[in-house]
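The structure appears right after this line, and notes come after that.
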Amino acid sequence: MIFKIIGMIIIAYLLGSIPTGLWIGKYIYHKDIRKLGSGNIGTTNTFRTLGFKAGVVVLIIDVLKGTLAASQPYFLGVSGTVNPLLIGLFASLGHTASIFDNFQGGKAVATSAGILLAYNPLLFLIACLIFIAVLCLTSMVSMASMIGISAIFVIALFIHDWILSIVAGILTAIVVYRHVSNIQRILSGKESMVSFGLGYYLRQKKHK
């Protein structure tokens, strides 16, 4: 069993480490996404710098990285012994510290969502709805990301799912830490916004 666990951890980390936005930008668009926009290799910066199609592809693949990683205990028939969340966690760690990108990486939001999809599809749907609601209210992907993952942590505590609470707590800390610069811009009123939602409307109205 110990070798299975080690194997699953390694695979999860390697899956998470795949720098989707970086590779798509480099090999398909011939652009280094690290030198464009915010410099982040995740979904949001991909949408912003490479366009809608590239953004959708990166989003799907980054979610699937977490889903496949966390699904390993199910595939191997050991989910009763090894909690999928604990394996999936290493995919998010890989995403933020990729072995293929000098241990740099993204903010782990999409990959963390993928882990939740494998573990509890209903909670995944709830997280998506919270994300969309906050995005429509604030027009800020960063705000929606932080509130979405934090909400799952609170829900996990409420339903007494302690493993999910621990993993969601760790991921919340990672996501918030990776968004420190965003938080500073939010507080100063300079955070980037998507071109829809209440926040965008109010900012446009203010500057007229």
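By how many nm would the segment from GLN204 to LEU129 lengthen if fully extended, with 0.36 nm per residue of separation less the alpha-carbon distance?
Gain on stretching GLN204 to LEU129: 24.5 nm.
Would you kindly derive the ³J(HN,Hα) couplings of segment 88-93 from the backbone phi angles with the Karplus curve 6.51 cos²θ - 1.76 cosθ + 1.60 (θ = phi - 60°), listing them in order in whole Hz, with x for Gly and Pro?
x, 3, 6, 5, 5, 5
So, by mean Cβ neighbours within 10 angstrom, what's the order for 172-183, 195-206 with the highest one leading?
Peptide ranking by packing, descending: 172-183, 195-206.
Determine the dipole magnitude for the chain: charges of +1 sit on the beta-carbon of Lys and Arg, -1 on that of Asp and Glu, nothing else is charged, the reference point is the Cα centre, and the result goes in debye to the nearest 20.
For the chain, the charge dipole is close to 880 debye.
When the chain is fully extended, how far beyond the present Cα-Cα distance does LEU122 get from ILE2, taking 0.36 nm per residue of separation?
Contour length minus the Cα-Cα distance gives 40.1 nm.
Kindly provide the helix-only [θ] at 222 nm of the chain, computed as the sum of -39,500 (n - 2.57) over DSSP H runs of four or more divided by all residues, to the nearest 500 deg cm²/dmol?
Using -39500 (n - 2.57) per qualifying helix, the result is -23500 deg cm²/dmol.
Just want to confirm a number: the relative contact order over segment 135-208, from Cα pairs under 8 angstrom separated by 6+ residues, in percent.
In percent, rounded to a whole number, it is 47.
With the convex hull built on the Cα atoms of segment 1-147, state its orientation-averaged projected area in nm².
8.8
Given a Förster distance of 35 angstrom, what is the FRET efficiency for PHE196 paired with PHE103, based on the Cβ-Cβ distance and rounded to 0.05?
0.50
Go ahead and run the numbers for FRET between HIS160 and ILE60, Cβ-Cβ distance against an R0 of 35 Å, rounding to 0.05.
Once the sixth-power term is evaluated, E becomes 0.60.
Values in this text are rule-based calculations from the coordinates and carry no lab data. As the structure is a prediction and not an experimental result, all values here were calculated from the model. Methodologically, a virtual Cβ is constructed for each residue, glycine included, from the backbone with ideal geometry; neighbour enumeration extends over all protein chains shown.
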